[in-house]
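S.K.: Would you mind keeping the following structure in view while I ask a few things?
The values are calculated or read from the model by the stated rules, or taken from the named source; none is laboratory data. This structure is a prediction, so every number in the text was calculated from the model and none was measured. Cβ placement follows ideal geometry from the backbone for every residue including glycine, while neighbour counts extend to all protein chains displayed.
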Amino acid sequence: MRTAPNYTIKRSDAVGLWIFMVAGAAIALWTGIAAFQRIMEVLPNRDVAVLGQFAGTIASAPIGVDGSPVDVELEQAMLTVPALPVAALWAIVIQQIVVVITVLTVVVALIWLGRNVTRSVVFSRTNTVLVSTAGIVGLVGYAAVPFLGNMAANGAFAVLSERTFDNVIISVEPFSLMLLAFVAALMSTVFAIGERLQRDTDGLV
């Protein structure tokens, strides 16, 4: 029999984690305020500004000699429409709700994780669940938010062009999504393995 080593996190590391947790709380608060303001801005459904994504659309910009127009390829632009269709309007509202839920869930999970680590609890079942939850919710939010934004933008295009301009595109970058999924899966696996090794080590003590 031997005595289990008592690992204690350094004070400097604990301070860094608490700063991280305070910053996370501030981000969650700012996100909630911004989402509320956006919802209040669009709910009257008058002169609604929507970010539209374009693919291969040519537009003129006054960037030539003495401000002369030059053709450029448009990637995105703010569209202001007199009123959005109901489905597009609610897509914006749901989008903001999804943003708040995603950010709040990820921030709370990481703050909880940071709190556990400051108490020198790194690998545990709780921490594994927290990391997995943050990763899964973050991935779902990363895909859902631009999808809902596309719905709103398509509604704006339909109103402005009377359904004669087809610009349906997917704004989620597959590579970025796959990279985030890889990172989330890797972190979950690392914590799961660490938790198992911790249990095995405790069993040998």
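S.K.: Does V137 count as modelled with pLDDT of 90 or more and either crowded, with 19+ Cβ neighbours inside 10 Å or closer than 28 Å to L17 by Cβ (or both)?
M.R.: Spelling it out, V137 is indeed modelled with pLDDT of 90 or more and either crowded, with 19+ Cβ neighbours inside 10 Å or closer than 28 Å to L17 by Cβ (or both).
S.K.: Only residues that are among the small types (G, A, S) and at pLDDT 90 or above: list them for region 54-108, please.
M.R.: A83, A87, A88, A91
S.K.: Could you please tell me which pairs satisfy a Cβ distance under 7 Å, a separation of 6+ or placement on different chains, a first residue in region 111-127 that is under 12 Å from F191 (Cβ atoms) and without any contact (Cβ under 8 Å) to a residue 60 or more places away in the chain, and a second residue that is assigned to a helix (DSSP H, G or I) and hydroxyl-bearing (S, T, Y)?
M.R.: If the second residue must be assigned to a helix (DSSP H, G or I) and hydroxyl-bearing (S, T, Y), the pairs left are N116/T126.
S.K.: Look through region 30-49, keep the residues that are in a helix (DSSP H, G or I) and closer than 16 Å to A91 by Cα, and return whichever of them is nearest to the chain's Cα centre (by Cα).
M.R.: A35
S.K.: Out of everything in region 174-198 that is exposed (fewer than 12 other Cβ atoms within 10 Å of the Cβ) and not aliphatic (A, V, I, L, M), what residue ends up being modelled with the highest pLDDT?
M.R.: In this case the residue turns out to be F182.
S.K.: Look at region 50-89 and say how many of its residues are more than 14 Å from A156 (Cβ to Cβ) and assigned to a loop (DSSP other than H, G, I, E, B).
M.R.: Residues meeting the conditions: 5.
S.K.: Further question: Checking I63 against (1) closer than 27 Å to F165 by Cβ; (2) under 18 Å from the mean Cα position of the chain (by Cα); (3) free of Cβ contacts under 8 Å to residues at least 12 places away in the same chain, which test does it fail?
M.R.: So I63 meets the others, but not (2).
S.K.: Can you tell me which residues in region 106-148 are assigned to a helix (DSSP H, G or I), touching a Gly at 6+ places or on another chain (Cβ under 9 Å) and not aliphatic (A, V, I, L, M)?
M.R.: Selection gives G114, N127, T128.
S.K.: Is it true that some residue in region 153-171 is part of a helix (DSSP H, G or I), modelled with pLDDT under 80 and not basic (K, R)?
M.R.: no
S.K.: Sticking with this structure for a sec: Between A14, A23, A88, A83, which is in contact with a helix residue (DSSP H, G or I) (Cβ under 8 Å, 6 or more places away or on another chain) and either of a type outside the set (A, V, I, L, M, F, W, C) or within 30 Å of Q198 (Cβ to Cβ) (or both)?
M.R.: A14
S.K.: Quick one: count up the residues across region 37-48 that are surrounded by 12 or more Cβ atoms within 10 Å (Cβ to Cβ) and in contact (Cβ under 8 Å) with a residue 24 or more places away in the chain.
M.R.: 6
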